[in-house]
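Q: Structure below; questions to follow.
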Amino acid sequence: MHIMPQIKPITIYRLAWRNLAQKPFRTTCLIIMTLLFSASLFGGSILTKNLNDGIAGMANRLGADILIVPYGYEKELEVALLRGEPSTFYLKADLAQKIEKIKGITAVSSQLFIASLSAGCCTSKLQLIGFEQSTDFVISPWMKQQLTARLHDNEVVVGSKILADVGDEITFFNHRFRVAAKMDSTGMGFDTSVFMTMDAAYNLMKTADLLSGDVDHIRNYVSSIFIRVDHDYQPKAIVNQIMQKYAVEYNLDFVMTKVMISDIYKWLNSFSVIVYTLAAIFWLLAIVVIFIVYSSTINERKREVGILRILGASRSMLVKMLFIESFIISVIGAIIGIIFATIVLCAFSMLICQSLGLPCINASFSSAITYGLIVFILTLIIAPLASSYSVLSITRTDSYQAYREGE
Amino acid sequence: MNILEVNNVSKNYGSLYALADINMTVGDGKWLSIMGPSGSGKSTLMNIIGCMDKPTSGSVILDGQDITQLSLTDLTVIRRDKIGLIFQQFHLVPYLTALENVMLAQYYHSMVDEKEALNALERVGLHARAKHLPRQLSGGEQQRVCIARALINYPKLILADEPTGNLDEANESLVMNLLHQLHQEGSSIIVVTHSPEVAKHAETTVVLEHGKIAQIIDNLK
């Protein structure tokens, strides 16, 4: 007596699946077409959102309207702010006292930038930033919840990506500092920076032999001056006043944050246009390719459908079966594409942002789910839409015609 | 009692007649052969009897019901419920195993019963090949799967179109023996063939020529 293993029952879904499995090359190609769309749209959308959130966060919390740097260091400051690439430059500190008297300026605060040597916490050089606690309005908004007491000279606040926790000790130039607080993620260069008091920064520079020449007068220098302008005044007018009075004497350059952010937004808009255009191209391409593949197999399918019709399948059953087939292609393409894009984003999102030189904040889980669902639905449409002509055409003919035409 | 009555059936394509005024009956449990050369109209007649086509005029009464008055959807139901079809080209679904091909006919008819489908394959001597795809079976084996599929829903009428047309002598004998078994068990059978040898197995042979009945032969005499 023969013993047969139980086989899976015949259903419309199983028939559709078996037909796809029967032609693995064709099925794989169709799935690739749909996953190109889902991966590009999901990946591109999330990356755009990450950049948008990073820039919006920076714009909202940066606080300063004008940044003053030594002449020629405008780009270095932008790079330090956006990417956290360490740099060091100096400007006479007394300028801060002079400009705070200008009408329309509501706050002035200085910072001193030090490019570190490699530290134990990190695989690359860090930006060490000394800031004036009494006047600061740039760093504090990012760490209000983390730092409750005044920062001491032997303490530092670390950016969100620094591998150190509150209470840890961290060493720079043989000076040990206790981590007093860790900042929120800013998506900017602040995430890979370490903040200390201005006194601690001056001492570090002096004792670590980071300077040559007039070391005793290091306290007379800062790297950048951050200015907040009253809402009733135009930052550009304030810049003009400072330029007229002090540009020659102090050899200054200016970064206007609104202009900088507006430029970044312009770039981001162009980037999102490219992403969505590419996704739209992939969407159309997938529809066209699937349409062509399905249309080219109409005769082959007519024979198969004719057999099923003769065996008693109704037209609606066959339409359902053929649509399920194309639906399966879309579902698999959507899922693989979204998973693939997620893996790439998890692995390389920050690297991409860094190479673009822009701040990034990772999209929240709920945002990712929302984007994923939208992409999933858009991908689901592809194969059923592209195959609808063929499906209706194959099943429209009566069983005898379908059977005979297929012969 | 007749399982089939064909009354004054004609089929024309424009001015071209494929069938002209055909009259014949098949008694319940009888075996009829329709024989004729290519273009004689035998396949057209089979397609009309098999509910795959409609005549231009005349009526076809199958199991007491005039099928010429039915819609295509209703014809599908009649074909599914009352007719077991066997084809020269086998027409098995290529991506389903022999067993699944038999079960597919069950699926469209009523309920899938794997054990019953296996019994049908056992009856045609293919139990051991149940898990094979059509391409893994010989022509004779494929035709036997086709017969098992035709039997599975206990049809009132078995309609075979050139059932041995693609088979060698040994397989032809095997298939004809199976049809004999079915006939002895009471099945009504119509075989369309161009071969006098195959036609001789039936009780009656209807010979078609140019769309008309040229001769009716009683093979029992």
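Throughout, read-outs are computed from the coordinates displayed, never taken from laboratory work. Computed from a predicted model, the values in this text were never measured in an experiment. Cβ sites come from the backbone with ideal geometry, for glycine too, and all protein chains shown count toward neighbours.
Q: What dipole magnitude, in Debye to the nearest 20, does region A:72-250 give about its Cα centre under +1 on Lys/Arg Cβ and -1 on Asp/Glu Cβ?
A: 260 debye
Q: Quick one: grab the alpha carbon gyration tensor of region B:2-218, order the square roots of its eigenvalues as a ≥ b ≥ c, and give me rounded if a/c is under 1.5, else prolate or oblate depending on whether a/b is larger than b/c.
A: Taking the square roots of the gyration eigenvalues as a ≥ b ≥ c, region B:2-218 is prolate.
Q: With each pseudo-label sitting 7 Å past Cα toward Cβ, what's the residue A:243-residue A:178 distance in nm, one decimal?
A: A separation of 4.8 nm, rounded to one decimal place.
Q: How large is ³J(HN,Hα), in whole Hz, for each residue of region A:315-321 in order, when computed from phi with the Karplus curve 6.51 cos²θ - 1.76 cosθ + 1.60 and θ = phi - 60°, using x for Gly and Pro?
A: Couplings: 4, 5, 5, 6, 4, 4, 4 Hz.
Q: Take every Cα pair under 8 Å in region A:1-113 that's 6+ residues apart, average their separations, divide by the length, and report that relative contact order as a whole percent.
A: Value for region A:1-113: 13 percent.
Q: Could you give the angle, 0 to 90 degrees to the nearest 10, between helix B:98-109's Cα long axis and the longest principal axis of the Cα atoms of chain B?
A: Roughly 50 degrees between the two axes.
Q: So, one more: Looking only at other chains, what is the average number of their beta-carbon atoms within 10 angstrom of each beta-carbon in B:96-105?
A: 4
Q: Share of antiparallel DSSP beta bridges in region B:2-218, in percent to the nearest 5?
A: Among the beta bridges of region B:2-218, antiparallel pairing accounts for roughly 55 percent.
Q: Using only Cα atoms, tell me the angle between helix A:298-311 and the longest principal axis of chain A; keep it within 0 to 90° and round to the nearest 10.
A: Around 60 degrees separate the two axes.
Q: Which percent, nearest 5, of DSSP beta bridges in region B:102-221 are antiparallel?
A: 55 percent
Q: Another question about this same structure. Sort A:142, B:31 so the one with the fewest other Cβ atoms within 10 Å of its own Cβ comes first.
A: By the 10 Å Cβ count, ascending: B:31, A:142.
Q: Let me ask something additional. Find the Cα radius of gyration of chain A, compare it with 2.2 N^0.38 Å by division, and give the number to two decimals.
A: Cα-based Rg divided by the globular estimate yields 1.45.
Q: Given the C-alpha centroids of region A:260-305 and region B:158-199, what is the distance between them in whole angstrom?
A: Computed from Cα coordinates, the inter-centre distance equals 54 Å.
Q: What is chain A's relative contact order, in percent, from Cα pairs under 8 angstrom and six or more apart in sequence?
A: Value for chain A: 29 percent.
Q: Only Cα pairs under 8 Å and at least 6 apart count here; give the relative contact order of region B:1-96 as a rounded whole percent.
A: 28 percent
Q: Okay, moving on. Pairs A:182/A:206; A:8/B:156; B:42/B:82; B:42/B:156; B:82/B:115; A:92/A:161: which are spaced more than 24 Å apart, C-alpha to C-alpha?
A: A:182/A:206; A:8/B:156; A:92/A:161
Q: Given q = 0.13, 0.16, 0.20, 0.22 Å⁻¹, what are the Debye log10 I(q)/I(0) values for region B:118-221, with equal point scatterers placed on the Cα positions and solvent ignored?
A: -0.50, -0.73, -1.07, -1.24
Q: Then there's this: With everything on Cα atoms, drop me the angle between helix A:198-207 and the longest principal axis of chain A, reported from 0 to 90° to the nearest 10.
A: So the helix axis and the longest Cα principal axis differ by about 80 degrees.
Q: Which one, A:99, A:114, A:198, projects farthest toward the positive side of the charge dipole computed for region A:72-250 from Cβ point charges (K/R +1, D/E -1)?
A: The listed residue farthest towards the positive side: A:99.
Q: Next question, about the same structure. Add -39500 (n - 2.57) for each DSSP H run of 4 or more in chain A, then divide by its residues: what number comes out at 222 nm, to the nearest 500 deg cm²/dmol?
A: Counting only the DSSP helices, I get -19000 deg cm²/dmol.
Q: By counting other Cβ atoms within 10 Å of each Cβ, how are A:183, B:24 ranked from fewest to most?
A: Ordered from fewest to most neighbouring Cβ atoms within 10 Å, A:183, B:24 come out as B:24, A:183.
Q: If you restrict to DSSP beta bridges whose two residues both lie in the protein assembly as shown, what percentage is antiparallel, to the nearest 5?
A: Taking every DSSP beta bridge with both residues in the protein assembly as shown, the antiparallel ones total about 65 percent.
Q: Among the chymotrypsin sites (Phe, Trp or Tyr not before Pro) within region A:289-389, which fall in a DSSP loop and have no more than 11 other Cβ atoms within 10 Å of their own Cβ?
A: Answer in residue order: no site qualifies.
Q: Where nothing but the Cβ of Lys and Arg (+1) and of Asp and Glu (-1) is charged, how large is the charge dipole of the protein assembly as shown around its Cα centre, in debye to the nearest 20?
A: That gives the protein assembly as shown a dipole magnitude of about 440 debye.
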